[in-house]
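Below is one structure; the comments refer to it alone.
The values are calculated or read from the model by the stated rules, or taken from the named source; none is laboratory data. Computed from a predicted model, the values in this text were never measured in an experiment. Positions of Cβ are generated from backbone atoms using ideal geometry, with glycine treated the same way; all protein chains shown enter the neighbour counts. Areas reflect the complete protein model, heavy atoms only, side chains present, ligands, DNA and RNA absent. Shrake-Rupley method; radii C 1.70, N 1.55, O 1.52, S 1.80 Å.
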Amino acid sequence: MAARHPLPFRRALALCCALSLLPAPALPAQTVAPPQDVFGYKDFSAQAKIDQSFLTVPDAKLAGEELKILTAAPHVAGSKEDYETALYVAQKFKAAGLETTIVPYKVWLNLPVDIQITATSADGKTLMTGPTREHVDGDRYDNDPRIVMPFNGSSPSADITADVVYANYGRPEDFQKLAQMGIDVKGKIVLTRYGGNFRGVKVYIAQEKGAAGVLIYSDPQDDGYYRGDAYPNGPYRPATGVQRGSVQYMFKYPGDPTTPGFASTPDLPMSRRVPPDKAASQPTIPSNPLSYHDAAPILENLQGPTAPHEWQGALPFTYHVGGKGNVKVHMLLKQDYQYRLIWDVIGRIPGTEYPDEWVVAGNHRDAWTFGAVDPNSGTAAMLEAVHGIGALLKQGWKPKRTIIFASWDAEEEGLIGSTEWAEDNAPPLANAVAYFNTDVGVAGPSFDASAVPSLKQFVREVTKEVPSPKGGTVYEQWKASQAESESRRQASGSGEHTARPNAHVGNDVAVGDLGSGSDYTPFIQHLGVPSTDIGSSGPYGVYHSAFDNYQWFTMNADPTFVYEQQQARVFGLEVLHMADTDVLPYDYVTYGKEIEQYLDAAQKKASSAEVSLDFSAADAAAKRFTAAAAAVKQKQDKPGGNEASLNTALRATEGDLLSPQGLPNRPWFKHTIYAPGEYTGYAAVVIPGVNEAIDAKDAQRAQSQLTVLTAALNRAAATLESAAQ
Ligand SMILES: [Zn+2]
């Protein structure tokens with residue numbers, strides 16, 4: 001998943017106007033000149049030699065072979081084929097010299113037994129029987145009988161027939177618009193299109209409004225022929241392509257729905273589990289995805305008011321909102337819910353100096369179908385990073401800090417493998433110095449990253465050491481492509497496709513904020529482990545369909561696997577730098593400035609919403625935090641003396657930003673600065689307790705959340721002040 005995961009979808013949107021030409025597969029340079037000075041190192045020259053040695057190992061051709069093996073069969077979480085990929089990854093970890101274990105968890109998962117969606121007109125004429133099997137002429141994978149039929153993870157079973165209402169993207173404002181048009185969704189099947197938010201949010205809002213069920217289809221305007229040629233002629237979604245996906249309410253809590261906050265170990269007594277029908281992360285209304293091939297006959301026959309102009313998609317008729325009883329849809333969903341075993345693969349390299357300071361790097365392995373892009377382009381890159389680090393081990397190198405590579409399972413169903421492992425290891429993870437994620441490793445040639453503010457500069461520095469297949473460094477190409485999309489945005493006079501709506505300090509390359517939709521969520525938002533997420537994006541219209549396969553990948557994303565090699569190098573350097581740095585390279589000055597901007601923005605929003613709040617204590621705490629960070633930065637710049645205690649304080653600072661009670665109504669989310677939005681799902685909401693209370697025009701809650709935030713900022717500032725002494 002993890003369409004912010006890492007928003008493959010959002011990325012596809014962001015790239016919609018870019019020329020989708022792949023650069024000629026250049027032979028990437030093996031190395032570029034290393035920087036002299038890197039934040040966190042007293043003397044970078046020794047590390048530079050290790051880096052250069054590492055960078056020669058990750059291999060494009062091997063990454064391609066690994067990707068082909070990983071994606072040979074569909075491998076949905078809990079399946080036999082999924083277990084086989086676990087064995088394969090474990091064998092690769094072991095070969096590199098990692099202490100490797102396969103860690104099972106027993107989690108509540110559904111798989112579809114039978115899915116039938118039929119549409120009939122008022123006079124009894126059959127308009128559509130689906131879902132239509134995914135197929136295009138020329139694809140070598142789409143007839144595999146093991147491909148799971150299109151369904152939603154976490155949807156209940158159902159046998160319902162109802163009138164249909166079209167609700168655009170299913171955002172709060174879309175439902176508001178329907179209400180203004182006098183259309184009631186109560187008891188109806190809501191037909192929404194993908195985009196604009198996480199699919200689980202569409203179901204969540206529809207459930208709140210009393211809908212009977214939800215269908216979610218992929219409009220060609222959003223990732224199909226409107227964007228460019230459809231597969232196999234291009235990278236975009238063909239008519240029968242369906243986006244599977246989880247509708248779990250992971251903005252409440254991710255992971256196994258029956259074990260919020262603790263691990264689903266195989267021997268956990270049933271009495272400790274929340275009964276599934278009481279689990280707050282489970283929708284109570286059914287939903288299912290559809291292709292536009294199957295959605296079109298429904299949409300075309302809807303009557304009622306003409307849908308607003310912005311709600312019109314790219315299908316060749318005028319969209320109406322329906323609700324007039326002239327189209328009935330029957331949803332028959334038979335789900336097989338069971339406690340199923342899943343398998344994380346964990347590979348460890350013990351640290352020599354600071355064994356308790358873990359550096360964790362992870363990628364999920366399970367896929368809705370073949371998972372060539374999502375997620376195994378990331379797995380192949382991770383395996384080549386492990387290959388490179390294994391080569392260093394064989395030369396006698398050992399890391400100062402403990403390195404852990406993780407291949408997560410059941411990410412697609414709700415970040416389950418990573419969440420269960422993080423909950424299982426919460427006490428030691430309180431000392432973990434970083435979590436590095438990659439999910440969609442390679443969908444195309446455009447490097448992109450998100451990070452907690454303290455690690456934004458860290459990511460930029462790593463990319464300055466890695467050559468780009470396009471020439472120069474990854475950093476230079478990243479910067480150039482951002483400048484290009486910015487000028488395109490300005491030329492079009494539209495902010496519609498900007499990927500980075502949030503605060504940004506300075507003029508350097510913008511690094512995004514961590515929302516949700518991938519496996520960094522339990523680390524940063526539940527446990528306060530500083531995290532990053534990297535990927536290389538491009539036009540990608542086959543997200544979560546049968547066509548996300550090796551053939552699509554080699555035709556569209558990375559035919560010579562040079563971007564796989566690039567991602568392996570960036571991912572590996574993140575790990576190496578964090579494992580061996582003298583002083584933890586957390587930039588809390590940037591963090592403080594971003595928090596000050598978040599407070600300014602919230603204050604403006606509160607006053608325009610006429611929510612009366614006192615921001616003075618929070619403002620003062622944020623300024624105190626930034627000032628203390630500046631003093632600590634001087635010590636970080638000139639380390640000498642006791643780095644161990646400085647590092648302990650630096651790490652504790654992120655932990656201070658957690659609030660023990662968590663967010664209102666979703667206590668699993670403990671971070672006071674970042675959370676996935678309750679009504680956006682993938683996108684980060686900053687200072688979420690405060691902003692969501694303002695959005696709800698709840699002044700009392702907003703003020704008490706400001707108090708919680710102020711306390712967290714003062715705790716963190718005090719820790720930084722003591723470190724600066
Ligand atoms: Zn994924």
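Looking at THR85, THR101, can you tell me which residue is out of contact with any Pro (no Cβ under 8 Å at 6 or more places or on another chain), open to solvent by less than 30 Å² (accessible area, probe 1.4 Å) and over 30 Å from PRO305 (Cβ atoms)? Break it down into steps so the answer makes sense when it comes.
Working: THR101 fails: open to solvent by less than 30 Å² (accessible area, probe 1.4 Å).
After applying the criteria, what remains is THR85.
Of the residues making up the range 360-375, those that are in contact with a helix residue (DSSP H, G or I) (Cβ under 8 Å, 6 or more places away or on another chain) and either within 15 Å of the ligand (Cβ to nearest atom) or open to solvent by 10 Å² or more (accessible area, probe 1.4 Å) (or both) are GLY362, ASN363, HIS364, ARG365, ASP366, ALA367, PHE370, GLY371, ALA372, VAL373, ASP374.
If you go through the range 350-359 one residue at a time, do you hit one that is at pLDDT 95 or above, open to solvent by less than 10 Å² (accessible area, probe 1.4 Å) and either within 15 Å of the ligand (Cβ to nearest atom) or within 22 Å of TRP108 (Cα to Cα) (or both)? For the range 350-359, residues at pLDDT 95 or above, open to solvent by less than 10 Å² (accessible area, probe 1.4 Å) and either within 15 Å of the ligand (Cβ to nearest atom) or within 22 Å of TRP108 (Cα to Cα) (or both): absent.
If we scan the range 274-291, do we find a residue that is more than 27 Å from the chain's Cα centre (by Cα) and open to solvent by 10 Å² or more (accessible area, probe 1.4 Å)? Break it down into steps so the answer makes sense when it comes.
Here is the first cut: in the range 274-291, the ones more than 27 Å from the chain's Cα centre (by Cα) are 275.
Next, only the ones that are open to solvent by 10 Å² or more (accessible area, probe 1.4 Å) stay: 275.
Yes, because at least one residue in the range 274-291 is more than 27 Å from the chain's Cα centre (by Cα) and open to solvent by 10 Å² or more (accessible area, probe 1.4 Å).
Here ALA24 does not qualify as within 16 Å of the ligand (Cβ to nearest atom) and at pLDDT below 95. The set of residues from the range 80-126 being within 30 Å of MET331 (Cβ to Cβ), assigned to a helix (DSSP H, G or I) and in contact (Cβ under 8 Å) with a residue 60 or more places away in the chain comprises GLU81, ASP82. Comparison of ARG146, ARG133, ARG193, ARG140 shows that the only residue that is in contact with a helix residue (DSSP H, G or I) (Cβ under 6 Å, 6 or more places away or on another chain) and of a type in the set (Lys, Arg) is ARG140. Give the range 28-79 a look and list any residue that's open to solvent by 80 Å² or more (accessible area, probe 1.4 Å) and free of Cβ contacts under 8 Å to residues at least 12 places away in the same chain, or say none. Result: ALA33, GLN36, ASP37, ASP43, LYS49, GLU65. Given GLY506, GLY512, which one is more than 16 Å from the ligand (Cβ to nearest atom), open to solvent by less than 50 Å² (accessible area, probe 1.4 Å), in contact with a strand residue (DSSP E or B) (Cβ under 7 Å, 6 or more places away or on another chain) and modelled with pLDDT under 95? Answer to the check: GLY512.
Out of all the residues in the range 385-400, is one or more at pLDDT 95 or above, within 16 Å of the ligand (Cβ to nearest atom) and out of contact with any helix residue (DSSP H, G or I) (no Cβ under 7 Å at 6 or more places or on another chain)?
Of the range 385-400, the ones at pLDDT 95 or above are 385-400.
Still in the list and also within 16 Å of the ligand (Cβ to nearest atom): none.
Looking for residues that are at pLDDT 95 or above, within 16 Å of the ligand (Cβ to nearest atom) and out of contact with any helix residue (DSSP H, G or I) (no Cβ under 7 Å at 6 or more places or on another chain), one finds none in the range 385-400, hence no.
Here is a check on your reading of the model: is GLY213 closer than 23 Å to GLY414 by Cβ and of a type in the set (Gly, Ala, Ser)? Taking the combined requirement at face value, the residue satisfies it. The one condition from (1) assigned to a loop (DSSP other than H, G, I, E, B); (2) out of contact with any Leu (no Cβ under 6 Å at 6 or more places or on another chain) that ILE389 does not meet is (1).
Given the criteria open to solvent by 40 Å² or more (accessible area, probe 1.4 Å), part of a loop (DSSP other than H, G, I, E, B) and of a type in the set (Gly, Ala, Ser), does ALA263 qualify? Considered against the rule, which asks whether it is open to solvent by 40 Å² or more (accessible area, probe 1.4 Å), part of a loop (DSSP other than H, G, I, E, B) and of a type in the set (Gly, Ala, Ser), ALA263 comes out as no.
Residues considered: ASP533, ASP587, ASP582, ASP548. Of these, the only one that is modelled with pLDDT of 95 or more, within 16 Å of the ligand (Cβ to nearest atom) and more than 30 Å from GLY138 (Cβ to Cβ) is ASP533. Counting only residues that are modelled with pLDDT under 95 and among the charged types (D, E, K, R), the range 440-494 holds 4 of them.
Of all residues in the range 299-306, none are crowded, with 20+ Cβ neighbours inside 10 Å, at pLDDT 95 or above and of a type in the set (Val, Ile, Thr). The C-beta contact set for the range 410-432 (first residue in contact (Cβ under 8 Å) with a residue 24 or more places away in the chain and closer than 20 Å to MET578 by Cβ, second residue charged (D, E, K, R) and away from the ligand (no atom under 12 Å from the Cβ), distance under 8 angstrom, 6+ apart or interchain) comprises SER418/ASP344; TRP421/ASP344; PRO428/ASP356; ASN431/ASP356; ASN431/GLU357; ASN431/ARG651; ALA432/GLU357. Reported count of residues in the range 178-213, each being in a loop (DSSP other than H, G, I, E, B) and more than 23 Å from the chain's Cα centre (by Cα), is 12.
Of all the listed residues (TYR236, TYR249, TYR231), the sole one being aromatic (Phe, Trp, Tyr) and either surrounded by fewer than 24 Cβ atoms within 10 Å (Cβ to Cβ) or within 19 Å of ILE147 (Cβ to Cβ) (or both) is TYR231. Restricting attention to the range 539-587, the residues that are on the phi > 0 side of the Ramachandran plot and either in contact with a Leu (Cβ under 9 Å, 6 or more places away or on another chain) or surrounded by fewer than 24 Cβ atoms within 10 Å (Cβ to Cβ) (or both) add up to 1.
Filtering the range 408-443 to residues that are within 16 Å of the ligand (Cβ to nearest atom) and β-branched (Val, Ile, Thr) leaves ILE416, THR419, THR438, VAL440, VAL442. Assess whether ILE216 counts as being in contact (Cβ under 8 Å) with a residue 60 or more places away in the chain and either farther than 21 Å from ALA158 by Cβ or assigned to a strand (DSSP E or B) (or both). It is true that ILE216 is in contact (Cβ under 8 Å) with a residue 60 or more places away in the chain and either farther than 21 Å from ALA158 by Cβ or assigned to a strand (DSSP E or B) (or both).
For the range 568-580, the criterion of being farther than 12 Å from ASN437 by Cα and without any contact (Cβ under 8 Å) to a residue 24 or more places away in the chain is met by none of the residues.
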